[in-house]
Amino acid sequence: MKKNLLIIYFLFQASLFLSQTYQWQWAKQGGGNNGHDVFASTSADENIKAITTDNNGNYYFLTWIYNNQPLVNDSPVTVYGTRDLLLYSTDCVGNLRWKTVIGGYTNSEFAMKIEVDNNGGIYLMANLSNNVAVDSPSNFSPTHLDTNVTLPVISALPAPPYPYGNAIDPAFKTMYLLKYNTATGNLVWYKALQGDVTFPVGRGDNGLWDMDGNKNIHAVLGFYKGTHLDGKITVPNSFDYDMALGNNNVGPQYYLVKFNYDNGNMTVAPNPMLLPITGDFGGTSIDGQAKLLYDENLNRYYITGRRMYGTGSFQYTNLSYGGLPFNNEGFIFTFDGATGNEIWRKEFVFPFMGPGQKQFEKIFDIKKDQNSNIYICGHYSKFPVNNVNGWSPTCTFGNFTLPSTNLNNTIPFVAKMNPSGNVLWMTVPLENGLNGIHDDQSLSVNFIGGLAINGDEIAFTKGAIREKWANFPLTKPLNARSDPFMVRLNLQTGAVIATHEIESNYSTEDQITAVTVDKDGNYIVGGFFTDQLFAASNDGIPTLYSTSMTGYSQFFIAKLGSSSNCSLNTGEVKADVAGIDIYPNPITDILNIRSKNKLESFELYSSVGQRISGGKLQDNNAKINFNSFSAGIYYLKIRTDKSVVTEKVVKK
């Protein structure tokens, strides 16, 4: 047995998978026992909000997590309020590297996007509201940015007008840019984007941002009155917020702001551009249903989204750009990065059915390729032509004729557009796979889908009940609810390559809410589930069972791989320093583990990277029975209360 492990790399060979044949390789879960609603909602419940990867093959995830015995990958999580943000990282086989909780006593923590600089930094814009004062009860936790750093608590005294009069307090700020260390998850720095604010105008919008190829951050930020961004902008007093009336359709004043990378310091560039935005995005940008995309080749910005406040409110924000209002629910527009002038816009237009009937057209995500073509996904409405009310059932998208489909209600779509806004292709499911029975919508209207470009293909993820994409049907019984679902399409033509379902149980809403691609071309997905996941007998993944006793959703992550290449770098580990002995090696039956520190858990992986066993350990000694394992090479990962060691083990 090797006593010293300098740097362990193990390369999983591609013998398990054929080229471009995707299979589920592993899945992990997390969450607390509490939640917002047993009918899962991406605007309130646990779900994976963002995923990114780095050049070392590590994965990073952002989610909400509720209290009451919260876990991530079987590891306990300290939550400071009822619901907090959780930023965490795994390696390429799903092992937890670190976890960081962002939050405090209230549930007012929002973030929807994360990016890495491949130089040790991971960044997010967070909108963090604080209701904890210096005289609050001791169990009211201030807002944590990591274990050791908290934001200021309110020191102002209550006064009219409610709640703090005209008092200025640092704790009233809500808009932050945060940087964390990708190796440890510790906070590196945080920047408050606002200057002095009173309680009413401490709110703002910092959910729209993107990172370019040089790691500069571009953001569309909305501020209320005051001087902000280290004195670089001053918002007039007319941009006020009345606590009694709400924003009264005034909204914040929006600026295009660039943060120069500056070796990871993210310095605000001079002269932020005032944008001709009237109204606001209705909170959609901080709950993820508005997106910003920057095309540095063309120096232009795209914003996609929808106008509805919250989820299912049927109340719409008054939003306009350049004096021209958006009149419909799902929209996309682009503006010039040098002048701010609008270049073009498109909206899904669907006539109202009558009193009480509202729109469901939504654009959920946007991506671009190297030729500045853009890709969007979402859903639009379609109803039978012979409706007795006599209204037109036709939804339009500019002058583009929407594809023909036998489905009704909400129709999921993926579309490719050129830089001029012309639709090059749009792909939708043909029918629901039940021999012409069209009883149900194909995509739940409250939920969010995602896109990821992977070489010559693009993946669309969401939840699906019964859909047939080209020759790939998803068939579930009548009255069943959605399963997590991925459609892979040809990037050039929109032709369907394959579909991938994660089977769950019959009566629950389960969905993929985020997707990305790692350096080896594998898909990393995340979402939510309510009861069971990977319930199919032939999916090769142990079934995930929700640990919630209350019926609320929990989050999951999974890897859909076409390649078993996975380089795990455990860093410099010395077994004698870790105080762990593993013997005999090679072995024939029983492997002994002896540790000077308390053993916590083990995980055993095959030579191709599949987790084949694992469990909790106790005390300082343990035995693992290898009798049922075939001869070959295995990798054993042991966690103690002080360290983690990975060792190659040979079974004779």
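Tell me, which strands (runs of 3 or more DSSP E) lie completely within the stretch 190-271 with 3 or more residues that are in contact (Cβ under 8 Å) with a residue 40 or more places away in the chain and either farther than 24 Å from TYR123 by Cα or of a type outside the set (Val, Ile, Thr) (or both)?
On the way: elements: 205-211, 217-223, 226-228, 233-235, 253-260.
The strands (runs of 3 or more DSSP E) meeting that bar are 205-211, 217-223, 253-260.
Hey, does the stretch 470-479 have a residue that's in contact with an Asp or Glu (Cβ under 6 Å, 6 or more places away or on another chain), surrounded by 17 or more Cβ atoms within 10 Å (Cβ to Cβ) and assigned to a strand (DSSP E or B)? Before the answer, list the steps.
Restricting attention to the stretch 470-479, the residues satisfying the condition of being in contact with an Asp or Glu (Cβ under 6 Å, 6 or more places away or on another chain) are 474.
Those left that are additionally surrounded by 17 or more Cβ atoms within 10 Å (Cβ to Cβ): 474.
Now drop any that are not assigned to a strand (DSSP E or B), which leaves 474.
Yes.
Give me the residue from the stretch 505-521 that is touching a Phe, Trp or Tyr at 6+ places or on another chain (Cβ under 8 Å) and not in a strand (DSSP E or B) and, out of that set, surrounded by the most Cβ atoms within 10 Å (Cβ to Cβ).
ASP510
Considering only residues that are out of contact with any strand residue (DSSP E or B) (no Cβ under 6 Å at 6 or more places or on another chain), surrounded by 11 or more Cβ atoms within 10 Å (Cβ to Cβ) and outside any strand (DSSP E or B), which ones fall in the stretch 610-637?
GLN610
Give the residue, chosen from GLY378, GLY337, that is under 21 Å from THR317 (Cα atoms), at pLDDT 90 or above and either assigned by TED's automatic domain parsing to the domain that holds ARG306 or in contact with a strand residue (DSSP E or B) (Cβ under 8 Å, 6 or more places away or on another chain) (or both). Let's see the steps before the verdict.
Values: GLY337 fails: under 21 Å from THR317 (Cα atoms).
Going through GLY378, GLY337 in turn, the sole match is GLY378.
How many residues does the stretch 638-652 contain that are part of a loop (DSSP other than H, G, I, E, B) and of a type outside the set (Lys, Arg)? It would help to see each step written out before you state the result.
Keep residues of the stretch 638-652 that are part of a loop (DSSP other than H, G, I, E, B), which gives 641-643, 652.
From what is left, the residues that are of a type outside the set (Lys, Arg) are 641, 643.
Looking only at that region, the number is 2.
Filter the stretch 112-156 down to residues that are farther than 19 Å from PHE172 by Cβ and not hydroxyl-bearing (Ser, Thr, Tyr), then give me how many there are. Outline the logic, then answer.
Just the residues of the stretch 112-156 that are farther than 19 Å from PHE172 by Cβ, to begin with: 112-124, 137-139, 146-148.
Imposing the further condition that a residue be not hydroxyl-bearing (Ser, Thr, Tyr) reduces the set to 112-122, 124, 137, 139, 146, 148.
Of the residues in the stretch 112-156, 16 are farther than 19 Å from PHE172 by Cβ and not hydroxyl-bearing (Ser, Thr, Tyr).
Looking at PHE239, is it crowded, with 22+ Cβ neighbours inside 10 Å and either under 21 Å from GLU109 (Cα atoms) or in contact with a Phe, Trp or Tyr (Cβ under 6 Å, 6 or more places away or on another chain) (or both)? Working first, answer last.
Numbers: crowded, with 22+ Cβ neighbours inside 10 Å: no; either under 21 Å from GLU109 (Cα atoms) or in contact with a Phe, Trp or Tyr (Cβ under 6 Å, 6 or more places away or on another chain) (or both): yes.
Here the answer is no, as PHE239 does not meet what is asked.
Note down all Cβ pairs under 7 Å where the first residue falls in the stretch 520-533 and is without any contact (Cβ under 8 Å) to a residue 60 or more places away in the chain and more than 19 Å from ASN34 (Cβ to Cβ), the second is β-branched (Val, Ile, Thr) and crowded, with 24+ Cβ neighbours inside 10 Å, and they're at least six residues apart or on different chains.
none
Does SER129 satisfy the criteria of being more than 30 Å from VAL644 (Cβ to Cβ), hydroxyl-bearing (Ser, Thr, Tyr), without any contact (Cβ under 8 Å) to a residue 40 or more places away in the chain and surrounded by fewer than 22 Cβ atoms within 10 Å (Cβ to Cβ)? Don't jump to the end; show me each part of the working.
Numbers: more than 30 Å from VAL644 (Cβ to Cβ): yes; hydroxyl-bearing (Ser, Thr, Tyr): yes; without any contact (Cβ under 8 Å) to a residue 40 or more places away in the chain: no; surrounded by fewer than 22 Cβ atoms within 10 Å (Cβ to Cβ): yes.
Against the criterion (more than 30 Å from VAL644 (Cβ to Cβ), hydroxyl-bearing (Ser, Thr, Tyr), without any contact (Cβ under 8 Å) to a residue 40 or more places away in the chain and surrounded by fewer than 22 Cβ atoms within 10 Å (Cβ to Cβ)), SER129 does not qualify.
The values are calculated or read from the model by the stated rules, or taken from the named source; none is laboratory data. As the structure is a prediction and not an experimental result, all values here were calculated from the model. Cβ coordinates were reconstructed from backbone atoms using ideal geometry, including for glycine residues, and neighbour counts include every protein chain displayed.
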